[in-house]
Amino acid sequence: MTGSTLQRSAAGHDMAEPWWRGAVGYEIYVRSFADSNGDGVGDLAGITSRLDYLSWLGVDAVWLTPFYPSPGHDHGYDVSDYCAVSPRHGSLEDFDTLVREAHRRGLRVMVDIVPNHTSIEHQWFASARNRPEGPDRDRYLWADPASDGGPPNNWRSHFGGPAWTFDEASGQYWCHLFLPEQPDLNWRNPAVREDFDSILRWWTDRGVDGFRVDVAHGLVKDARLRDNPQIAPITEGMDPFDAFDAFEHRHDMDQSENVEVFRRWSRVCAPRQAMLLGEVNAPWPDRMSRYVEPGALDQVFFLRTAFLGWAPETLLTMVRSMHDAAPQQISWVLSNHDRSRPVTRFGGGESGLQRSLAVTTLFMALGGTPFLFQGEELALPDGVLRAGLHDPVSVRNEGAIHGRDGCRTPMPWDSSAHNGFSTGDPWIDSEFRPPEHTVDGQRDDPDAAVHRYRSLLAVRRRHPDMWRAPLQWIETADPRVAALRRGSIAVVANLSDRRARVPLGSPGWQPVFESRAGSSLDNREHEAISVPAESTVVLATDQ
Ligand code: TEU
């Protein structure tokens, strides 16, 4: 099925525009969304059974995290077959059903493609390792030991330790920017490029509407494998992500040749109207915007906002400069399956919710394709584990502080056993969520977070100017307050801790969405809006 058979597209959408203009995406962490067969692991049939909820919420597209065959060292981000479904998550038939049912409801389906590395169990790696003289060897990055017998250079793995593991049989090291079980592909090898063209075609032929590209900044490595400059000391027991940041990643990441790979991918995907959305973690904004030059990726995630605690001035400064460098091509996010949830990062409870919704409301008016992470619409704090650790970053590093388990606990649907996620024991053992944090509990309460997010999405759909009309920033006196105008829409985000008054420059405005009640149009001409602390208001005018 192709996109043209979809029955709905974003309101005000012009058919000549790509489907993602004006769309809002929703990330599904497949392992933890819905389990249909009671084995404790989320699956594709479970997702299909919950599509009505996503339609009701009002998102336009879902991104599914990897569901491919995988030994699971990094929970699916170690793929052993790119064109199949892991029995853990269902079957290809289940996938086809999911796509068909999603399309019937006007929802697009994006899959995660993991091109930086394969699983150690992928047949390409088995062949590369077992036959050093064979044609598959060069699909990966192998290098001789340094003169002292150690790793060939000083590159580090994101997940701790060197980015190199020694292969006794051949006497060479293989490169891995993540786990040793995730060997990095050699993107200078034409066979690798051709294989991925085929993988993209294979999934678009099955009806997928786009790809989220894992570690898009990592693909091509320095041809001479030069050392990275070290910029900070590494100490014993340091968090692996901090140790990774102790280097300037001049030679292992963000090489100019990455963009050439995506130009090639775009030639495959653009004629099929399949979106290419990169996970790009590059110094910004100029390096980021290179990835979305015409004919390369369509959008990139801007992930810095998913790293921040509550820091309004920093957040607004980075958002504005990133927006201005690529006004329609940023996928704005506050969270994903790698980061602590925003409600927790922003102080928890009602305050965490107010702040998250205030920022998300601004994101909805920035062009580009914003994404919610499952449970964000419920204002969930991080889940609390009852037992065990699962994230390999925590399991393999005693000093790790940025464990990723808290955001990966099951989606709480209701107050039955395991919050309705599974009838069996979930793969991750976490505390029960109270009724007010569940989908069912919130649907019965008109003031609950889910209704506030749903209204926001409805307002965006009703007012296409919110994402389409040219954006003009309105200068404000306080750097913690951002204001903008887009055609018939104005948005004022007051992230400061006190009420703020912003002149709108013309009369005739009406609030159409308040992230927190209590804004007031001041004076008879309605020319200024007074906005409560830590909230965002969207206004419309008919003038
Ligand atoms: O994450 C990539 C990742 O870890 C980096 O973006 C990292 O946050 C950054 O470079 C820190 O400097 C993706 C997936 O989202 C994650 O779940 C996987 O574990 C990882 O790739 C490996 O596939």
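The values are calculated or read from the model by the stated rules, or taken from the named source; none is laboratory data. Source: prediction; values computed, not measured. Heads up, the Cβs are rebuilt from the backbone with ideal geometry, glycines too, and the neighbour counts pull from every protein chain shown. Quick note on the areas: whole protein, heavy atoms, side chains included, nothing else; ligands and nucleic acids left out. Shrake-Rupley method; radii C 1.70, N 1.55, O 1.52, S 1.80 Å.
With respect to the chain, whose longest principal axis is taken over its alpha-carbon atoms, helix 257-269 is tilted by about 70°. The charge dipole of the chain, taken about its Cα centre with unit charges on the Cβ atoms of Lys, Arg (+1), Asp and Glu (-1) only, comes to about 1580 debye. Entry note, region 123-175: relative contact order of 29 percent, from Cα contacts under 8 Å with a spacing of 6+ residues. Computing FRET efficiency as 1/(1 + (r/R0)^6) for Y53 and R462, where r is the C-beta to C-beta distance and R0 is 25 Å, gives about 0.75. Extension gain for S198-D445 works out to 84.1 nm (0.36 nm per residue, less the C-alpha to C-alpha distance). The long axis of helix 312-325 is offset from the longest Cα principal axis of the chain by roughly 70 degrees. For region 123-175, the equivalent ellipsoid derived from the Cα gyration tensor has semi-axes of 20, 13, 8 Å, listed largest first. In terms of packing, defined here as the mean over residues of other Cβ atoms within 10 angstrom, the peptides 103-109, 29-35, 344-350 line up highest first as 29-35, 103-109, 344-350. The charge dipole of region 470-540, taken about its Cα centre with unit charges on the Cβ of Lys, Arg, Asp and Glu (plus for the first two, minus for the last two), comes to roughly 60 debye. Relative to its Kirkwood radius, the Cα radius of gyration of the chain gives an Rg/Rh of 0.97. Accessible area per residue for region 221-358 is 39 Å², calculated with a 1.4 Å probe on protein heavy atoms, without ligands, DNA or RNA. Counted residue by residue at 0.36 nm each, then reduced by the alpha carbon distance between them, the extension gain from S455 to A146 reaches 105.3 nm. Seen from R452, the other residues with C-beta closer than 10 Å to its C-beta sum to a net charge of -1, counting Lys and Arg as +1 and Asp and Glu as -1. Normalised by the number of residues in the chain, the mean separation of alpha-carbon contacts (under 8 Å, six or more apart) gives a relative contact order of 13 percent. Per residue, the convex hull around the alpha carbon atoms of region 361-508 comes to 173 Å³. Spacing of the modelled spin labels on T314 and R188, each 7 Å from Cα toward Cβ, amounts to 3.7 nm.
Annotation: per residue accessible area for region 470-540 equals 43 Å², rounded to a whole number [probe 1.4 Å, protein chains only]. Remark: region 123-175 carries a charge dipole of roughly 200 debye about the Cα centre, counting +1 on each Lys and Arg Cβ and -1 on each Asp and Glu Cβ. Each of N228, H463, F244 was placed along the dipole of the chain (beta-carbon charges, centred on the mean Cα), and the one lying farthest toward the positive end is H463. Taking the C-alpha atoms only, the angle from helix 449-462 to the longest principal axis of the chain is near 80 degrees. With a cap of 14 neighbouring Cβ atoms within 10 Å, and only residues DSSP puts in a loop, list the GluC sites (Glu not before Pro) found in region 22-113. Loop-located and lightly packed - none at all.
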